[in-house]
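Visitor: Quick one: the structure is below, questions incoming.
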Ligand code: CP
């Protein structure tokens, strides 16, 4: 088995189930009810050559909460790749320093190239428009947890994905994971030129899923269980696209009116974040911030136990980390955000 997590293509239902059982066991640590020192002495190399808040900080937090320490490198400027060092030389050097490495890089396939040179576990934290496997795992973990709350199975669920489905690596990884499950109804709503790649549509259809393509959100849909919105990834546009792109209209905006008119009281709204809150961006609307169906911060919170589970699995500590648990010694707030809503 590969020591790395580079793509969701490496996962099957058994492995996902193992990871999610581990994530559940990690929840008391993630909720700060317990502390754990099982990775004491281990060092994580956190290499981010593209902007990140959630992935970088949550991998850092997950490793730290298991007792390990973390070295961060952010941006090319502060790495010797700025002096022409190759990915594979950098990888071999880092493998001598660190016990696990998380890497984000703007180029498709770059994290796999980096990982090919070393035996220390490497986790793909996003390779350009390619994949983001840990995000897809935490998204699926969130969907299953939210469905459990309302007592509905994943099978037959209607999942609507919208936004930039061409460059959004989170939706590429998520749709691949979802297609491993019994048939789903997946509706895709993207602005012209930003549609889901056809190889992913074929994969989903070949695996028996119902795929529906719609032009805008201003249409009628069958009852939706999950709305998964994404940001327009302008940073990945070609020069020609930047010149010709007029922006997205509110036909792609997930907001309270859309939820009230076209969804149900049990629909959940997800987004990998960040959402673009600048005027005219028409990304996921803040008018849902007080609506408990907005699951985006429950989703980000789930990033910690899921990323702990990935470390536990790749670093082979899954059988005995419970022995290292102790009570926390500080006060933890009952809710992390002042506006957190509950059901
Ligand atoms: N979802 C996600 O990858 O967020 P960041 O870019 O902040 O890491």
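The values are calculated or read from the model by the stated rules, or taken from the named source; none is laboratory data. Please read these numbers as outputs of a predicted model, since none were measured by experiment. Backbone-built Cβ (ideal geometry, glycine too); neighbour counts: all protein chains shown.
Table: residues versus (1) farther than 20 Å from residue 173 by Cα; (2) assigned by TED's automatic domain parsing to the domain that holds residue 35; (3) touching a helix residue (DSSP H, G or I) at 6+ places or on another chain (Cβ under 7 Å).
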residue	(1), (2), (3)
70	yes, yes, yes
73	yes, yes, no
89	yes, yes, no
110	no, yes, yes
118	yes, yes, yes
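Visitor: In the set 69, 58, which member is closer than 22 Å to residue 317 by Cα, in contact (Cβ under 8 Å) with a residue 24 or more places away in the chain and out of contact with any strand residue (DSSP E or B) (no Cβ under 9 Å at 6 or more places or on another chain)? Don't jump to the end; show me each part of the working.
Guide: On the way: 69 fails: out of contact with any strand residue (DSSP E or B) (no Cβ under 9 Å at 6 or more places or on another chain).
That would be 58, the only listed residue that is closer than 22 Å to residue 317 by Cα, in contact (Cβ under 8 Å) with a residue 24 or more places away in the chain and out of contact with any strand residue (DSSP E or B) (no Cβ under 9 Å at 6 or more places or on another chain).
Visitor: Give me a count of the residues in segment 1-41 that are more than 17 Å from the chain's Cα centre (by Cα) and in a strand (DSSP E or B).
Guide: The number of residues fulfilling the criteria is 3.
Visitor: Let me ask something else about it. So, of the residues in segment 60-91 that are under 19 Å from residue 120 (Cα atoms) and within 16 Å of the ligand (Cβ to nearest atom), which turns out to be surrounded by the most Cβ atoms within 10 Å (Cβ to Cβ)?
Guide: Applying the filter and picking the extreme gives 62.
Visitor: Further, regarding this structure: Can you confirm whether residue 241 is surrounded by 12 or more Cβ atoms within 10 Å (Cβ to Cβ), modelled with pLDDT under 95 and closer than 26 Å to residue 193 by Cα?
Guide: Taking the combined requirement at face value, the residue satisfies it.
The rows are residues; the columns are (1) modelled with pLDDT under 95; (2) farther than 30 Å from residue 126 by Cα.
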{"position": "249", "(1), (2)": "yes, no"}
{"position": "268", "(1), (2)": "no, no"}
{"position": "271", "(1), (2)": "no, no"}
{"position": "278", "(1), (2)": "yes, no"}
{"position": "299", "(1), (2)": "no, no"}
{"position": "338", "(1), (2)": "yes, yes"}
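Visitor: Taking the condition within 12 Å of the chain's Cα centre (by Cα) and either within 16 Å of the ligand (Cβ to nearest atom) or surrounded by 20 or more Cβ atoms within 10 Å (Cβ to Cβ) (or both), does residue 294 pass?
Guide: Answer is no for this residue.
Visitor: Only one of (1) assigned to a loop (DSSP other than H, G, I, E, B); (2) surrounded by 20 or more Cβ atoms within 10 Å (Cβ to Cβ); (3) over 23 Å from the mean Cα position of the chain (by Cα) is not met by residue 343, so which one is it?
Guide: (2)
Visitor: Which of the residues belonging to segment 177-234 are exposed (fewer than 13 other Cβ atoms within 10 Å of the Cβ) and touching a residue at least 60 places away in the same chain (Cβ under 8 Å)?
Guide: Answer for segment 177-234, where residues must be exposed (fewer than 13 other Cβ atoms within 10 Å of the Cβ) and touching a residue at least 60 places away in the same chain (Cβ under 8 Å): 222, 223.
Visitor: When you go through 305, 272 one by one, which is the residue that is within 14 Å of the ligand (Cβ to nearest atom) and either surrounded by 17 or more Cβ atoms within 10 Å (Cβ to Cβ) or within 12 Å of the chain's Cα centre (by Cα) (or both)?
Guide: On inspection, the qualifying residue turns out to be 272.
Visitor: Quick check on my filter: what residues within segment 229-254 are assigned to a loop (DSSP other than H, G, I, E, B) and out of contact with any strand residue (DSSP E or B) (no Cβ under 9 Å at 6 or more places or on another chain)?
Guide: Here is the first cut: in segment 229-254, the ones assigned to a loop (DSSP other than H, G, I, E, B) are 230-233, 237-238, 245-249, 253-254.
Of everything in segment 229-254, those that are assigned to a loop (DSSP other than H, G, I, E, B) and out of contact with any strand residue (DSSP E or B) (no Cβ under 9 Å at 6 or more places or on another chain) turn out to be 231, 232, 233, 237, 238, 245, 246, 247, 248, 249.
Visitor: Give segment 42-59 a look and list any residue that's within 11 Å of the ligand (Cβ to nearest atom) and outside any loop (DSSP other than H, G, I, E, B), or say none.
Guide: Passing the criteria: 48, 54, 55, 56, 57, 58, 59.
Visitor: If you take just the strands (runs of 3 or more DSSP E) that sit entirely in segment 76-180, which of them hold at least 1 residues that are over 17 Å from the mean Cα position of the chain (by Cα), modelled with pLDDT of 95 or more and closer than 30 Å to residue 343 by Cα? Break it down stepwise before answering.
Guide: Numbers: elements: 100-105, 122-127, 158-162.
Where strands (runs of 3 or more DSSP E) fall fully within segment 76-180 and carry at least 1 residues being over 17 Å from the mean Cα position of the chain (by Cα), modelled with pLDDT of 95 or more and closer than 30 Å to residue 343 by Cα, they are 158-162.
Visitor: I'd like to check something: does segment 265-282 contain any residue that is assigned to a helix (DSSP H, G or I) and free of Cβ contacts under 8 Å to residues at least 12 places away in the same chain?
Guide: no
Visitor: Return yes when residue 142 is in contact (Cβ under 8 Å) with a residue 60 or more places away in the chain and closer than 15 Å to residue 190 by Cα and no when it is not. Full working, then the answer.
Guide: Numbers: in contact (Cβ under 8 Å) with a residue 60 or more places away in the chain: yes; closer than 15 Å to residue 190 by Cα: no.
No, not satisfied.
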